[in-house]
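Written below as structure tokens is the structure these notes are about.
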Amino acid sequence: MNTANAPVTKEQMEAFAIRLTDGSPDHDAWLSIIRYGLGTLLENQPLFIEIVFRESAKQLERKGITSRVIADEARAIFDELGLRLEVASK
């Protein structure tokens with residue numbers, strides 16, 4: 001992601017998340033894009049969370065699963081990306 005064109009406002013971040021998620025033909029393509037830009041995305045964690053949760057909702061829709069919620073799918077995505085949450089104090 002070019003930092004000169006990086007999304008800054010909440011609206012820009014949401015628009016970027018929508019374009020990235022809706023523009024991916026399937027989950028595997030989405031994972032490839034995320035893995036490629038992961039370093040940059042982790043620098044903007046609110047944007048990264050927005051993107052993961054949008055894809056989580058899309059995955060539930062693709063699978064037609066009504067017994068799971070977005071948080072279940074987000075956890076699965078974190079597993080696929082090999083990520084875990086850590087708490088750090090400043």
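The values are calculated or read from the model by the stated rules, or taken from the named source; none is laboratory data. Because the structure is a prediction, the values reported are computed rather than measured. Cβ atoms come from the backbone with ideal geometry, glycine included; neighbour counts cover every protein chain shown.
For the range 76-90, which positions are part of a loop (DSSP other than H, G, I, E, B) and either surrounded by 13 or more Cβ atoms within 10 Å (Cβ to Cβ) or not charged (D, E, K, R) (or both)?
At the first step, the residues of the range 76-90 found to be part of a loop (DSSP other than H, G, I, E, B) are 82-90.
Scanning the range 76-90 gives G82, L83, L85, V87, A88, S89.
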statement: If we ask which residues in the range 31-49 are touching a residue at least 12 places away in the same chain (Cβ under 8 Å) and either closer than 16 Å to R75 by Cβ or of a type in the set (K, R) (or both), their number turns out to be 3
- request: Inspect all residues belonging to the range 39-49 and state whether any of them is of a type in the set (D, E, K, R) and not in a helix (DSSP H, G or I).
  value: no
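Among the residues that make up the range 61-75, is at least one of them outside any helix (DSSP H, G or I), at positive phi and either of a type in the set (V, I, T) or surrounded by fewer than 15 Cβ atoms within 10 Å (Cβ to Cβ) (or both)?
Initial filter on the range 61-75 (outside any helix (DSSP H, G or I)): 64-69.
Right, trim to at positive phi and you get 64.
Next, only the ones that are either of a type in the set (V, I, T) or surrounded by fewer than 15 Cβ atoms within 10 Å (Cβ to Cβ) (or both) stay: 64.
Yes - at least one qualifying residue is present in the range 61-75.
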field: Options E14, E43: the member that is at pLDDT below 90 and closer than 19 Å to A71 by Cα
entry: E14
task: Would you please list the contacts, defined by Cβ atoms under 7 Å and residues six or more apart or on different chains, that run from a residue in the range 55-83 that is without any contact (Cβ under 8 Å) to a residue 24 or more places away in the chain to a residue that is among the basic types (K, R)?
output: L60/R68
message: For the condition farther than 19 Å from M13 by Cα and either hydrophobic (A, V, I, L, M, F, W, C) or modelled with pLDDT of 90 or more (or both), what is the one hit in A57, A88?
response: A88
